[in-house]
Amino acid sequence: MTPLIQLTDLSINAEDVSLLEPLSLSLFQDKPLTILGQTGSGKSLLAQAIIGLLPSTLQQHGRVEIMGKSHDIPALKTLWGKQVIMLPQEPWRALDPLMQSYQQVAEVYECVHEQSPESAFDSAIKDLDELGLKSSALKRPGQLSGGMAQRLAV
């Protein structure tokens with residue numbers, strides 16, 4: 001069985017400082033994988049590295065494979081919203097505080113799935129309805145509860 005995500009000696013550095021020691025792991029479909037660590041131990045950096053979203057001041061080394069294919073950082077970015085997503089601990093970091101809920105979802109349909117604005121709007125409203133957020137389509141993230149914001153970020 002091919003792993004969904006395979007990391008081989010993945011490490012993260014800031015100049016000469018090691019932020020994440022080399023790590024290898026495999027994530028298989030329907031097989032839970034838990035990553036535990038103290039605050040500041042690198043869990044979020046690991047997730048950012050997997051999807052190619054590390055800040056430019058950090059260096060990533062090692063290999064990242066998604067569904068059996070090795071990817072460099074630019075190639076990882078092409079998978080965003082199609083094969084990989086990252087849900088941050090704090091949904092507020094993933095959401096634009098000035099955009100209404102439906103706009104945040106519609107933007108994904110326009111930018112990632114190349115839908116027209118009208119089709120993206122329809123898709124966004126359908127998604128919000130399925131998440132129980134249709135009545136909050138015009139609300140901004142600051143007007144949502146934490147759980148609602150988390151569902152919107154997904």
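Among VAL108, VAL154, the ranking by other beta carbons within 10 Å of each residue's beta carbon, starting with the fewest, stands as VAL154, VAL108. For segment 1-137, the fraction of C-alpha pairs more than 22 angstrom apart is 48%. Think of each Lys and Arg Cβ as +1 and each Asp and Glu Cβ as -1; about the Cα centre, that makes the dipole of the chain roughly 300 debye.
Exceedance of the 32 Å cut-off in Cα-Cα distance is limited, within the set LYS31/LYS139; LYS31/LYS126; LYS69/LYS139, to LYS31/LYS139; LYS69/LYS139.
Label-to-label distance, GLN89 versus ASN13, with points set 7 angstrom from Cα along the beta-carbon direction: 2.6 nm. Arranged from fewest to most other beta-carbon atoms within 10 Å of their beta carbon, ARG151, ARG93, ARG140 become ARG93, ARG140, ARG151. Rounded to the nearest angstrom and listed largest first, the equivalent-ellipsoid semi-axes of segment 92-153 from its Cα gyration tensor are 18, 12, 9. Based on alpha-carbon atoms, the Kirkwood radius and the radius of gyration of segment 5-84 give Rg/Rh equal to 0.94.
Values quoted throughout were computed directly from the atomic coordinates according to the rules given, and no laboratory measurement underlies them. Keep in mind it's a predicted model, so treat the numbers as computed, not measured. Note: ideal-geometry Cβ built from the backbone for every residue, glycine included; neighbour counts use all protein chains shown.
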